[in-house]
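A quick write-up on the structure given underneath.
The values are calculated or read from the model by the stated rules, or taken from the named source; none is laboratory data. Since this is a predicted model, take the numbers as computed values, not measurements. Note that we place each Cβ from the backbone using ideal geometry, even for glycine, and neighbour counts take in every protein chain shown. What goes into the accessible areas is simple: the full protein's heavy atoms, side chains included, and nothing from ligands, DNA or RNA. Shrake-Rupley method; radii C 1.70, N 1.55, O 1.52, S 1.80 Å.
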Amino acid sequence: MNGFKIESPLIPADEIMHGGPPRDGIPAIDDPEFITRSESNLNATDKVLGVTLNNQAKAYPINILNYHELVNDELDGHPITVSFCPLCGTGIVFNASSPQKRMTFGVSGLLYNSDLLMYDRETESLWSQIEGRAISGPLKGTILERLPVEHTFWQDWQQRHPNTLVLSEDTGYWRNYQNTPYPNYDKTKRTYFPVNHTDRRYHPKSLVIGIEMNGHYKAYPFAELQKATNPLHDNFQGKALRVHYNPETQSARIEDSKGQTIVTLTAFWFAWIAFHPDSEVYQNLSKNKSSKSESPNNKPSEE
């Protein structure tokens, strides 16, 4: 399929979908150029993925990632791959080093649960972006290390990281980065591709921030965080957590008891629950339980 030999995958073979573009039809950025904060023409409310390591900070505008989905890069000298799936709203940064060599990734043109399937160019194994796991090929079963990443507005990121570098629109490809190839996608309830589990407690495209600990999962819907005290103090799997939610930037991050930002996943609700159907879900029970966001029996009509 799309030039890949898929044998005995770790996911149901009949749930691997052709997304439309051919292999590398969505071109990854392999030689990213960066500019300084002062050189950027981003608007205050433009969304970015922000990542830091030691003393270096970088911002990757979503309006560029919508067209490329993957950036093979380095952060403070460490190989990383920045991934973004526009269909699931998921931005994940992976450690791209291995004991053998630096790994580079391309866009396969295939999907699972509406989510990007990447491939590494070294072995041509296919990887589920949300799972961070190779689902077929020589590296089948291998799991990539994730790095903390923030989904936020450019104004927020640059204020907190004034020395940040910004991914340049000088990508080597002609794209109209001022327009999205997915207009109004994040507003409608519809998804382009089927998923194997749905849950109608929330609008499919409403945002959640989720965590994994010891093989267990928990999601914090923004619809619930906006009703809670900020930061929200919670415990999960015996760990004390602080969930910081910013309603102005529609972003959230989670810290451990030492104040360190931990690895999380910000995603559309439908994508989180498709991959984690048994996930715990935080609810602010102090509010009216008849509200749409808290009633599991409330089934909004489809648009």
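Points worth noting:
- Against the list (1) aromatic (Phe, Trp, Tyr); (2) in contact with a Pro (Cβ under 9 Å, 6 or more places away or on another chain); (3) over 23 Å from Asp46 (Cα atoms), the condition Trp269 fails is (3).
- Residues of the range 118-134 include none that is hydrophobic (A, V, I, L, M, F, W, C) and within 16 Å of Tyr182 (Cβ to Cβ).
- Residue within the range 84-97 that is at pLDDT below 95 and touching a strand residue (DSSP E or B) at 6+ places or on another chain (Cβ under 8 Å) present: yes
- For the range 177-202, residues that are out of contact with any Gly (no Cβ under 8 Å at 6 or more places or on another chain), open to solvent by 60 Å² or more (accessible area, probe 1.4 Å) and under 23 Å from Phe153 (Cα atoms) total 6.
- Residues located in the range 106-126, provided they are hydrophobic (A, V, I, L, M, F, W, C), open to solvent by less than 10 Å² (accessible area, probe 1.4 Å) and under 16 Å from the mean Cα position of the chain (by Cα): Val107, Leu116, Leu117, Met118
- Selection within the range 206-250 - part of a strand (DSSP E or B) and of a type in the set (Phe, Trp, Tyr): Tyr217, Tyr220, Phe236, Tyr245
- Residue, most open to solvent (accessible area, probe 1.4 Å), within the range 240-285, restricted to residues that are over 13 Å from Thr152 (Cβ atoms) and among the charged types (D, E, K, R): Lys258
- Filtering the range 253-275 to residues that are closer than 17 Å to Lys187 by Cα and in contact with a His (Cβ under 8 Å, 6 or more places away or on another chain) leaves Thr266, Trp269.
- Where a residue in the range 1-28 is more than 17 Å from Ile130 (Cα to Cα) and assigned to a loop (DSSP other than H, G, I, E, B) and its partner, wherever it lies, is of a type in the set (Phe, Trp, Tyr) and open to solvent by less than 60 Å² (accessible area, probe 1.4 Å), with Cβ under 9 Å and at least six apart: Phe4/Tyr119; Arg23/Phe4; Arg23/Tyr119; Ile26/Tyr67; Pro27/Tyr67; Ala28/Phe105
- Test: Leu165 is modelled with pLDDT of 95 or more and open to solvent by 30 Å² or more (accessible area, probe 1.4 Å): yes
- Verdict on Asp31 being open to solvent by 60 Å² or more (accessible area, probe 1.4 Å) and without any contact (Cβ under 8 Å) to a residue 12 or more places away in the chain: no
- Against the test of being under 19 Å from the mean Cα position of the chain (by Cα) and part of a loop (DSSP other than H, G, I, E, B), the options Thr45, Thr52 yield a single qualifying residue, Thr45.
- Residue in the range 91-103 that is among the basic types (Lys, Arg) and surrounded by fewer than 23 Cβ atoms within 10 Å (Cβ to Cβ) present: yes
- When we screen Thr152, Thr191, Thr171 for residues that are within 17 Å of the chain's Cα centre (by Cα) and assigned to a loop (DSSP other than H, G, I, E, B), the only hit is Thr191.
- Within the range 68-79, none of the residues are open to solvent by 40 Å² or more (accessible area, probe 1.4 Å), over 19 Å from the mean Cα position of the chain (by Cα), under 27 Å from Ala274 (Cα atoms) and of a type in the set (Gly, Ala, Ser).
- Filter result for Ser293 (surrounded by 16 or more Cβ atoms within 10 Å (Cβ to Cβ), out of contact with any Asp or Glu (no Cβ under 6 Å at 6 or more places or on another chain) and modelled with pLDDT under 95): yes
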